1. R192 - would you say it is touching a residue at least 60 places away in the same chain (Cβ under 8 Å) and either assigned by TED's automatic domain parsing to the domain that holds T37 or within 20 Å of the chain's Cα centre (by Cα) (or both)?
2. Tell me which residues, restricted to the stretch 166-194, are within 25 Å of G150 (Cβ to Cβ), in contact with a Lys or Arg (Cβ under 9 Å, 6 or more places away or on another chain) and not hydrophobic (A, V, I, L, M, F, W, C).
3. Within the bounds of the stretch 283-298, is there any residue that is within 14 Å of F316 (Cα to Cα), touching a residue at least 24 places away in the same chain (Cβ under 8 Å) and in a strand (DSSP E or B)?
4. Would you point out the residue of the stretch 81-100, among those that are modelled with pLDDT of 85 or more and part of a strand (DSSP E or B), that is surrounded by the fewest Cβ atoms within 10 Å (Cβ to Cβ)?
5. Please go through the stretch 10-33 and pick out each residue that is at pLDDT below 90, of a type in the set (V, I, T) and either in a strand (DSSP E or B) or surrounded by 10 or more Cβ atoms within 10 Å (Cβ to Cβ) (or both).
6. Out of everything in the stretch 55-73 that is crowded, with 17+ Cβ neighbours inside 10 Å and among the hydrophobic types (A, V, I, L, M, F, W, C), what residue ends up being nearest to L241 (Cα to Cα)?
7. Do any helices (runs of 4 or more DSSP H) lying entirely in the stretch 141-246 carry at least 3 residues that are among the aromatic types (F, W, Y), and which ones are they?
Amino acid sequence: MSKNKSTDQEALSAQEIPQQGVLIGLNAVIVSVQDETPYVLEVKRSAAAGSSRPEPSALPFGPYEPERHRTMEIGLRTWVEEQTYLDLGYVEQLYTFGDRGRDEGAALSDSRLISVGYLALTRQASKLNAPDSAWRNWYNYFPWEDWRDGEPAILDRKIKPGLKKWSDQAAEPGQRAQRWDRASYCFGFDGRVWDEEKVLERYELLYEASLVVEAYIDRKKEPQDDSLLGESMMSDHRRILATGMSRLRAKLKYRPVVFELMADSFTLLQLQQTVEAISGIRLHKQNFRRLVEKGGLVERTGKISTRTGGRPAEEFRFRREVLTERPASGFRVRTTKRG
């Protein structure tokens with residue numbers, strides 16, 4: 001680029017450049033586990049005026065206010081505590097969501113809404129006093145992700161036929177083969193491996209194939225089928241939740257984040273059930289206990305628990321020293337191969 005051209009560009013006034021405001025919002029995937037159920041905190045929304053259809057639920061969200069919040073994470077923790085009365089433990093940034101048209105309110109103005117998603121863990125699923133909010137089983141939104149009682153029937157009953165039909169609708173043979181290969185890769189069809197971490201890839205494929213309600217809402221169309229897959233959420237909040245689930249399932253394998261969901265003391269069975277609730281797959285009891293002991297992740301408290309409803313069990317606590325002893329310490333769960 002010549003010097004004169006560069007100088008000319010620098011000389012453009014602000015008035016000559018179209019201005020578009022940017023609004024920054026913070027979305028929180030707040031996860032807790034209670035009685036072997038993985039919960040996510042949802043916010044209830046009032047139905048729109050004149051609408052008979054109930055509004056879909058949403059993840060907690062709020063604005064980032066630079067004048068008030070020194071960092072985005074501080075902003076997130078502040079308004080989550082104000083709105084939900086929860087004191088968050090572990091928090092990490094997930095992703096920045098900024099697709100055009102993802103928020104109807106911003107679309108009506110000259111601003112683009114950018115949302116920064118966060119994953120947050122808490123032990124307080126049974127204590128919720130905030131209005132217009134509730135804990136929901138995250139498998140209500142993704143029923144195909146829970147393999148603890150075996151392969152979900154919805155895979156062969158709805159998902160496989162739906163994706164096969166979508167694949168066959170492609171114009172070219174190569175495109176049809178490519179679509180089905182993606183479906184098999186994501187969902188473990190044709191003897192492929194089911195990878196519990198691919199929550200986001202699976203949801204995005206179902207969206208592309210118009211098998212979830214959000215695909216119709218985003219295109220300003222009425223859903224053609226009342227039996228679309230899973231419960232919907234506002235805007236792209238189900239995509240944000242899928243991102244959080246994928247991240248947490250992956251994180252289990254190399255960081256001891258699961259202990260952010262545990263009480264100060266717990267039995268090994270309770271620990272295993274929490275890992276299973278998050279990963280969506282059952283683990284071999286003896287292999288899991290050997291993994292925990294070999295990794296030095298826990299230590300005995302010297303107490304016996306009688307709260308399990310069965311035989312008394314020894315209680316343990318997390319060894320926080322493990323965080324400085326080695327860089328990777330988690331639970332290596334096995335993937336599942338479909339028949």
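The values are calculated or read from the model by the stated rules, or taken from the named source; none is laboratory data. Keep in mind the model is a prediction, meaning the values are calculated, not measured. Please note: Cβ atoms are built from the backbone with ideal geometry, for glycine as well, and neighbour counts cover all protein chains shown.
1. Answer is no for this residue.
2. Restricting attention to the stretch 166-194, the residues satisfying the condition of being within 25 Å of G150 (Cβ to Cβ) are 180, 182-194.
Imposing the further condition that a residue be in contact with a Lys or Arg (Cβ under 9 Å, 6 or more places away or on another chain) reduces the set to 180, 183-194.
Selection gives S184, Y185, G188, D190, G191, R192.
3. The answer is yes, given that some residue of the stretch 283-298 is within 14 Å of F316 (Cα to Cα), touching a residue at least 24 places away in the same chain (Cβ under 8 Å) and in a strand (DSSP E or B).
4. Among residues in the stretch 81-100 that are modelled with pLDDT of 85 or more and part of a strand (DSSP E or B), the one surrounded by the fewest Cβ atoms within 10 Å (Cβ to Cβ) is T96.
5. V22, I24, listed by residue number.
6. Filtering first and then ranking leaves L59.
7. Correct list: 173-187.
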